[in-house]
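Below: the structure, in structure tokens.
The values are calculated or read from the model by the stated rules, or taken from the named source; none is laboratory data. It should be emphasised that the depicted structure is a prediction, and the values quoted were computed from it without experimental measurement. Because the Cβ atoms are built from the backbone with ideal geometry, glycine has one as well, and the counts that use them run over all protein chains shown. We work out accessible area using only protein heavy atoms, side chains counted, and drop any ligands, DNA or RNA first. Shrake-Rupley method; radii C 1.70, N 1.55, O 1.52, S 1.80 Å.
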Amino acid sequence: MLRDQYIKFSLILGLLLFGFTLQAQYLVSGGSGVPMLAKDDTYNRLQVYLLNGVSQSEIRYTSASTGTHKWFRYNKSALNPESVASTQQGNVSFVTNPEEGYGYFVEVPGELSRYVWIIDYSLYPAELRSLDLSQQPDPCAFLKLSGDMTMSKLLYYLPNGIPAELNRQFEVTYQTLEWSENLGLFSQKEVIELINGSPAEATVKAPLCDTEVKVSGDLFARHFNMEKKIVSGVYEAVSVEVHGFADKMNTDAENVVTNSVADLGGSAPVEIRFRAVANDPVAALYVWKIYKKEVSSQTLVVRFPGEELVFTFDKFGDYVAELEVTDRSGKCSDNSYSREIKIVESSLEIPNAFSPGTSPGINDEFRVAYKSLVKFNGTIFNRWGVEMFHWTNPAEGWDGKKGGKYVTPGVYFYIIEAEGAEGKKYNRKGDINILRSKNVENE
């Protein structure tokens, strides 16, 4: 029961406060242009207004009550206010020509006081005289702004006497390049970054292309159509960003024994095309390096200067391909791209029978099953030592024909010599049976 009454009381109080917010409010006018509400501090019930000059200015207060309005102002603390002359008409009162650098408030019986601080912005302009980009402590990551830029602080005081400052905001505009994952390329992009406080010591992300830099603001001045702008000379970019690609060029034959190796690597020989895309012309020097991983070290296999490299992996082992791209000045580089390649050990399995011409597509060719064979030489003979078939590519096989006709079913013999990617030698001899129904005619 008590809980329900508490909820009901809270709702009523909230509605009353909401009604007060709607009815009791300040309106500031005057100066050149429309005054700007630069800060609305609801916690301290304080609004900070900027005016462009205070001539013919006015602070108007609309109350929820027709009770007597008493106006005060404070310089540093509302605990030590001084009264201010005002005019009241019903539930509305106002003061004219308020002095800048003061907080104003109204006391009305039954209402919680709220405060307005007045700043004459024309007295505190931001001066942007020059922009210097020549001194860059970390040009690979950031672009540091410096130059001749001065501005006074826009200070005000909270009702409790605590000093506070309005943060000026400036816009820094420059060009850069943006990577598109879908298109696989860079495109031009304009960047607009907001800087709080003076831009003279601000930093932005290093651009990826040569660009001018523009500083404009502050944004308070923009409100009064007093915005200042300054543009640098052309900044020569040095920051590098590279994106690498690695694509397996060859496809495993049907008789390669499958394994769990990812898209790169697998059964040797594996031909891989490595390709780099960077922010040219800032990126100038491309170097690909391929290492073979050893037990406690890495052995350099190939070093290639260029954007694209095609390399054939024909040795067993674990490899890593690394890319480094350096800018035209030699200050910055990007070596973030690397790919691992695993070349599996070899194997060779030889069938002992097949049935050419009997069931097309099913066991109708004599093929070995293999992995990572880099050398291969095979020959098939009949029982009298006559060569029936010879092949040097383990992906190929014998269709059971000689001179375009199926050979007689029966026993044939093979000799196979091969070498694996790890150097293992294979010397195999054996017999194979050709199985075929008698009603299958020779072609």
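The single condition from (1) in contact with an Asp or Glu (Cβ under 9 Å, 6 or more places away or on another chain); (2) open to solvent by less than 70 Å² (accessible area, probe 1.4 Å); (3) of a type outside the set (Phe, Trp, Tyr) that residue 236 fails is (2).
Using the structure shown, decide if residue 227 is open to solvent by 10 Å² or more (accessible area, probe 1.4 Å), under 30 Å from residue 287 (Cα atoms) and charged (D, E, K, R). Judged against the criteria, residue 227 is not a match. Within the range 90-112, if we keep just the residues that are open to solvent by less than 50 Å² (accessible area, probe 1.4 Å) and touching a Lys or Arg at 6+ places or on another chain (Cβ under 6 Å), the residue that is farthest from residue 45 (Cα to Cα) turns out to be 94. Of all residues in the range 138-159, those that are among the hydrophobic types (A, V, I, L, M, F, W, C) and buried (at least 16 other Cβ atoms within 10 Å of the Cβ) total 6.
Here's the yes/no breakdown for (1) buried (at least 16 other Cβ atoms within 10 Å of the Cβ); (2) closer than 27 Å to residue 218 by Cβ; (3) modelled with pLDDT of 95 or more:
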{"site": "47", "(1), (2), (3)": "yes, yes, yes"}
{"site": "68", "(1), (2), (3)": "no, no, no"}
{"site": "71", "(1), (2), (3)": "yes, no, yes"}
{"site": "74", "(1), (2), (3)": "yes, yes, yes"}
{"site": "79", "(1), (2), (3)": "no, no, no"}
{"site": "84", "(1), (2), (3)": "yes, no, yes"}
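Of all residues in the range 260-269, one or more are among the hydroxyl-bearing types (Ser, Thr, Tyr) and crowded, with 17+ Cβ neighbours inside 10 Å.
Hey, does the range 409-427 have a residue that's open to solvent by 40 Å² or more (accessible area, probe 1.4 Å) and small (Gly, Ala, Ser)? Show your work before the answer.
Step one: filter the range 409-427 for residues open to solvent by 40 Å² or more (accessible area, probe 1.4 Å), giving 409, 411, 413, 415, 417, 422, 424-425, 427.
Checking which are small (Gly, Ala, Ser) leaves us with none.
No, there is no match, as no residue in the range 409-427 is open to solvent by 40 Å² or more (accessible area, probe 1.4 Å) and small (Gly, Ala, Ser).
Residues of the range 329-353 that are under 35 Å from the mean Cα position of the chain (by Cα), farther than 28 Å from residue 281 by Cα and charged (D, E, K, R): 340, 342.
Taking the condition free of Cβ contacts under 8 Å to residues at least 12 places away in the same chain and within 50 Å of the chain's Cα centre (by Cα), does residue 125 pass? Judged against the criteria, residue 125 is not a match.
If you check residue 361 against the conditions, is it at positive phi and either without any contact (Cβ under 8 Å) to a residue 60 or more places away in the chain or hydroxyl-bearing (Ser, Thr, Tyr) (or both)?
Numbers: at positive phi: yes; either without any contact (Cβ under 8 Å) to a residue 60 or more places away in the chain or hydroxyl-bearing (Ser, Thr, Tyr) (or both): yes.
Taking the combined requirement at face value, the residue satisfies it.
Could you grab me the full set of residues in the range 53-65 that are in contact with a strand residue (DSSP E or B) (Cβ under 9 Å, 6 or more places away or on another chain) and surrounded by fewer than 14 Cβ atoms within 10 Å (Cβ to Cβ)? Talk me through it step by step, then tell me what you get.
At the first step, the residues of the range 53-65 found to be in contact with a strand residue (DSSP E or B) (Cβ under 9 Å, 6 or more places away or on another chain) are 53-54, 56-63.
Passing the criteria: only 56.
Being surrounded by fewer than 17 Cβ atoms within 10 Å (Cβ to Cβ) and either assigned to a strand (DSSP E or B) or out of contact with any Ser or Thr (no Cβ under 7 Å at 6 or more places or on another chain) (or both) is the filter here; which residues of the range 202-218 pass it? Give the derivation first.
Step one: of the range 202-218, the residues surrounded by fewer than 17 Cβ atoms within 10 Å (Cβ to Cβ) are 205, 210, 212, 214.
Within the range 202-218, 205, 210, 214 qualify.
If you check 143, 112, 154, which single one turns out to be of a type in the set (A, V, I, L, M, F, W, C) and under 30 Å from residue 328 (Cα atoms)? Of 143, 112, 154, the one residue that is of a type in the set (A, V, I, L, M, F, W, C) and under 30 Å from residue 328 (Cα atoms) is 143.
Pairs are defined by a Cβ separation below 9 Å, a sequence spacing of at least 6 or placement on different chains, a first member in the range 298-309 that is within 7 Å of residue 288 (Cα to Cα), and a second member that is surrounded by 11 or more Cβ atoms within 10 Å (Cβ to Cβ) and charged (D, E, K, R); the pairs so defined are 303/289; 304/289.
If you go through the range 160-178 and keep only what is within 22 Å of residue 34 (Cα to Cα) and open to solvent by 50 Å² or more (accessible area, probe 1.4 Å), you end up with 165, 167, 169.
Applying the selection to the range 428-443, what residues are at pLDDT 95 or above, open to solvent by 50 Å² or more (accessible area, probe 1.4 Å) and under 15 Å from residue 364 (Cβ atoms)? If the condition is that a residue be at pLDDT 95 or above, open to solvent by 50 Å² or more (accessible area, probe 1.4 Å) and under 15 Å from residue 364 (Cβ atoms), then 433 is the only one that fits. Can you pull out the residues in the range 395-405 that are hydrophobic (A, V, I, L, M, F, W, C) and either open to solvent by 10 Å² or more (accessible area, probe 1.4 Å) or over 19 Å from residue 433 (Cα atoms) (or both)? 395 - this is the single residue of the range 395-405 that is hydrophobic (A, V, I, L, M, F, W, C) and either open to solvent by 10 Å² or more (accessible area, probe 1.4 Å) or over 19 Å from residue 433 (Cα atoms) (or both). Residue-level check: of (1) within 49 Å of the chain's Cα centre (by Cα); (2) over 22 Å from residue 35 (Cα atoms), residue 65 misses just (1).
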